[in-house]
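Okay, so here's the structure we're looking at.
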């Protein structure tokens with residue numbers, strides 16, 4: 001099995017665990033989704049998630065001379081940060097639903113880093 005696909009799957013699965021954590025901590029939102037989403041802290045965290053998503057794309061281009069696995073890990077980590085920003089928003093606002101937009105953004109970013117069928121050389 002391709003070790004890059006295992007790594008990709010593990011990082012993607014970690015975001016599923018974040019969803020479970022968000023739901024466990026805040027299963028019954030205290031206010032409407034719109035009110036939670038419009039809170040200044042939520043807007044700031046969503047802005048940070050979007051900025052990180054864009055930065056991941058820019059960093060990928062800047063790392064052209066780096067090994068493929070290094071580019072993949074950096075990209076996955078930056079996109080995972082998008083999900084973490086959503087998790088923080090969900091925890092702070094006591095609304096698990098706030099995790100979903102950031103999670104979707106992270107998953108969209110993960111798709112750019114799906115490893116090819118070739119097995120990459122071990123990282124040096």
Quiz prompt | Lone qualifier among 9, 36 - being in a helix (DSSP H, G or I) and within 17 Å of the chain's Cα centre (by Cα) | solution = 9
Quiz item: Is it the case that the range 48-63 has a residue that's closer than 23 Å to residue 13 by Cβ and without any contact (Cβ under 8 Å) to a residue 12 or more places away in the chain?
Solution: no
Exercise. Evaluate the range 44-67: report whether one residue or more is within 17 Å of residue 7 (Cα to Cα) and either part of a helix (DSSP H, G or I) or modelled with pLDDT of 95 or more (or both).
Key: no
Quiz item: Tell me, which residue of the range 69-124 that is at pLDDT 95 or above and outside any helix (DSSP H, G or I) is nearest to the chain's Cα centre (by Cα)?
Solution: 95
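Kindly indicate which of 99, 113 is buried (at least 19 other Cβ atoms within 10 Å of the Cβ), in contact (Cβ under 8 Å) with a residue 60 or more places away in the chain and either over 30 Å from residue 28 (Cβ atoms) or touching a strand residue (DSSP E or B) at 6+ places or on another chain (Cβ under 9 Å) (or both). Steps first, please.
Working: 99 fails: either over 30 Å from residue 28 (Cβ atoms) or touching a strand residue (DSSP E or B) at 6+ places or on another chain (Cβ under 9 Å) (or both).
Exactly one of 99, 113 is buried (at least 19 other Cβ atoms within 10 Å of the Cβ), in contact (Cβ under 8 Å) with a residue 60 or more places away in the chain and either over 30 Å from residue 28 (Cβ atoms) or touching a strand residue (DSSP E or B) at 6+ places or on another chain (Cβ under 9 Å) (or both), namely 113.
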Quiz item: Within the range 28-42, can you find the residues that are more than 10 Å from residue 95 (Cβ to Cβ) and touching a residue at least 24 places away in the same chain (Cβ under 8 Å)?
Solution: 41
Quiz prompt | Check on residue 23, farther than 13 Å from residue 97 by Cα, touching a residue at least 60 places away in the same chain (Cβ under 8 Å) and in a helix (DSSP H, G or I) | solution = no
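The values are calculated or read from the model by the stated rules, or taken from the named source; none is laboratory data. Keep in mind that what you see is a predicted model, and the values were worked out from it rather than measured. Here Cβ is always computed from backbone atoms with ideal geometry, including for glycine, and neighbour counts include all displayed protein chains.
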